[in-house]
Amino acid sequence: MIGADALLKSLENQNVKQIFAYPGGAVLPIYDRMQEYDIRRVLVRHEQGAAFAAAGLSRASQEIGVCLATSGPGATNLITGIADAKLDSIPMVILTGNVVKHLIGSDAFQEIDIVGVCEPIVKHSYFVEYAEDLPRIIEEAFYLAKSGRPGPVLIDIPKSVQAEEISDKLWQKIVKKEKIKMSLPGYYYEFNDKFFNDQEIEKATQILSKAKKPIVIFGHGVVLSNAESELKKFLDKTKIPAVWTLHGIGAMDTKSKNCFGMIGMHGTAAANFAAHDADVIIGIGIRFDDRITGTLDAFQRNKKIIHFDIDPSEFDKNVYADVKICGEIKNLLPLLTQKINDLGDQIKTWTNTLEKKHKLWPISSTNGKKLTEITVIEEIFKNTDDDSIVIPDVGQNQMWTAQRFVGKKSRKFLSSGGLGTMGFSLPTAVGACFSGFETWSISGDGGFQMNLQELGTIAQENLPIKICILNNGFLGMVRQWQELFYDKNYEGTPLWNPNFKAIGEAYSIPSYYVDNLDDAKKMIKKMKNHKGPILCEFFVKREENVFPMVPAGKDLGQTLLNKIQTI
């Protein structure tokens with residue numbers, strides 16, 4: 001047996017069911033042995049698609065997605081997908097081939113130091129020198145990817161290591177799934193033991209006992225910690241109003257009482273008002289990034305901040321926290337729930353104010369007669385179930401979808417948050433589809449063209465993805481900024497587009513085109529009931545803006561309701 005066998009059998013032992021991959025010379029020993037193992041090889045059409053697909057599976061399920069690429073350009077093509085996963089704390093394992101060991105450092109054909117290139121955008125990386133190390137490295141990589149704050153882990157394997165023989169003794173250990181001793185000096189994922197201080201819970205209790213206008217902002221950490229029920233118990237007991245980040249969507253029923261929407265640049269006006277006027281903010285599994293805070297001085301002014309996070313490096317990074325509670329949210333939030341009392345009467349005036357604001361400032365809608373991006377998105381949600389996965393791309397379609405998402409479960413709204421990557425939706429849908437749930441991909445005409453080659457993957461694998469292209473003939477979000485802040489100087493944003501219906505048909509995917517609301521309603525029902533892949537281009541209103549909006553450099557109290565009116 002050779003290194004390729006050790007790799008593939010170790011992946012089987014980690015319950016890997018599929019690898020999203022693209023072949024090349026530096027990974028041929030792995031490909032030569034693949035058919036011997038019960039792992040589905042999903043042939044993507046571009047390595048970037050492999051990285052997004054692997055992360056898509058991780059985002060939609062409890063599995064860790066795996067992608068594989070050859071050396072040189074194959075490896076570098078993964079970088080955007082890896083960076084996207086790192087910024088959103090998505091666990092995944094990336095496998096790359098490299099030139100044979102004796103050529104490393106000689107600028108050989110398709111040689112690249114992918115470990116060095118990816119150093120800032122991975123949680124950890126390995127360069128494999130000996131085939132006998134592969135089982136241990138695979139064990140460690142999966143452990144690192146998922147434990148603590150999740151993230152991508154890279155394993156770079158020279159071609160000669162893949163072909164190197166391994167001992168029969170090691171092979172028998174792999175086959176018998178014997179426990180492999182890991183070597184991770186300096187790595188602590190049990191943050192509860194190392195960093196947690198129970199006095200912080202007491203400090204949080206004292207702050208909340210005096211609060212008049214508290215709010216909870218919950219985010220991705222709740223989902224990653226599987227702490228949805230713990231969050232609900234905390235909010236049900238305390239009656240504290242809640243808002244959420246882009247990645248917090250679905251962590252609880254968005255129609256629950258005292259829930260006031262997504263916060264941030266395109267959050268609801270009521271959510272932004274709540275954060276701006278609050279006297280206590282409890283951040284649960286969030287990193288206080290610039291898209292939710294606006295200007296930091298205004299965000300922090302006259303507030304006490306309580307911060308739950310598993311990663312101690314997040315504390316005081318952007319916003320100073322009066323209370324820092326470090327560890328698994330699932331374990332630590334119940335400690336505060338036990339200590340705190342029902343604050344309903346204490347904060348009744350505050351919750352009444354937020355309810356009035358929420359009714360006064362509803363999310364913008366259309367007149368219901370014209371075909372717009374908003375009407376298409378609303379129709380999609382009317383036809384989806386609680387288990388349906390919805391994946392917007394990046395830009396206006398992303399924000400409109402996020403504002404209107406009414407899912408009651410986590411891992412059903414998948415979005416590129418930290419990196420904001422156009423071209424995200426279609427390849428991510430490829431991976432998410434393997435979770436077994438109905439999958440909808442929503443893209444603008446610009447973002448769709450960045451990875452449309454993955455239609456080939458979808459067709460070859462016959463993946464039942466419902467592909468919606470919202471065609472407004474613009475790079476819509478940039479055009480919106482040009483309209484509002486650059487005197488409608490639409491430089492570089494109008495798009496000449498191909499016939500998307502014809503492209504879909506060229507890939508043998510049933511494809512359609514609609515340009516009116518009645519046909520759109522019928523088509524979305526048709527897409528819902530279709531068993532295989534299906535594509536529809538929706539030709540929508542050209543100049544439509546996403547509101548509310550917090551302009552760059554402004555605070556949440558300066559949220560625009562429309563072009564001229566602020567909250």
Exercise for review: Return, for the Cα atoms of the stretch 199-309, the radius of gyration and Dmax in Å, separated by a comma.
Suggested key: 12.8, 36
Exercise for review: Rounding to the nearest 20 debye, state how big the charge dipole of the stretch 451-547 is about its Cα centre with +1 on each Lys and Arg Cβ and -1 on each Asp and Glu Cβ.
Suggested key: 480
Study note, to complete from the structure: So HIS124 and LYS408, fully extended at 0.36 nm per residue minus their Cα-Cα distance, gain in nm 98.9 nm
Practice item. State, as an integer percentage, the relative contact order of the stretch 271-407 based on alpha-carbon contacts under 8 Å between residues 6 or more apart. Key: 15
Point to revise | Fraction of the pair-distance distribution of the stretch 467-567 above 21 Å, Cα-Cα pairs, percent | key: 50
Practice item. Work from the charge dipole of the chain (Cβ charges, +1 for Lys and Arg, -1 for Asp and Glu, about the Cα centre) and give the residue of PHE20, ALA54, ASN516 farthest towards its positive end. Key: ASN516
Review point. Kirkwood hydrodynamic radius of the stretch 373-539 from all distinct Cα pairs, in Å?
Key: 15.9
Review point. Counting other Cβ atoms within 10 Å, which chymotrypsin sites (Phe, Trp or Tyr not before Pro) in the stretch 475-567 have at most 11 and lie in a DSSP loop?
Key: TRP496
Study note, to complete from the structure: Here the net charge surrounding GLN482, from other residues whose Cβ is less than 10 Å away from its Cβ (Lys, Arg +1; Asp, Glu -1), is -1
Study note, to complete from the structure: Of the DSSP H helices in the chain, the ones reaching 30 Å or more along their long axis in Cα terms and averaging at least 1.0 in Kyte-Doolittle hydropathy are none
**Study point:** Cα pair count fraction exceeding 45 Å, expressed as % - the chain
**Key:** 18
Review point. Want the number for ASP322 to ARG40: 0.36 nm per residue separation, take away the alpha-carbon distance, what's left?
Key: 96.6 nm
Review point. Going down the list LYS330/LYS409; LYS123/LYS203; LYS210/LYS303; LYS466/LYS525, which pairs span over 22 Å between their C-alpha atoms?
Key: LYS123/LYS203
Practice item. Take every Cα pair under 8 Å in the chain that's 6+ residues apart, average their separations, divide by the length, and report that relative contact order as a whole percent. Key: 14
Check your understanding: If you put +1 on each Lys and Arg Cβ and -1 on each Asp and Glu Cβ, how big is the dipole of the chain around its Cα centre, in Debye rounded to 20?
Key -> 2080
Exercise for review: Among DSSP beta bridges lying fully in the chain, give the percent that are antiparallel, nearest 5.
Suggested key: 5
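Read-outs throughout are calculated quantities, based only on the coordinates presented, and are distinct from any laboratory measurement. On a predicted model such as this, the values are computed, not experimentally measured, just so you know. Because the Cβ atoms are built from the backbone with ideal geometry, glycine has one as well, and the counts that use them run over all protein chains shown.
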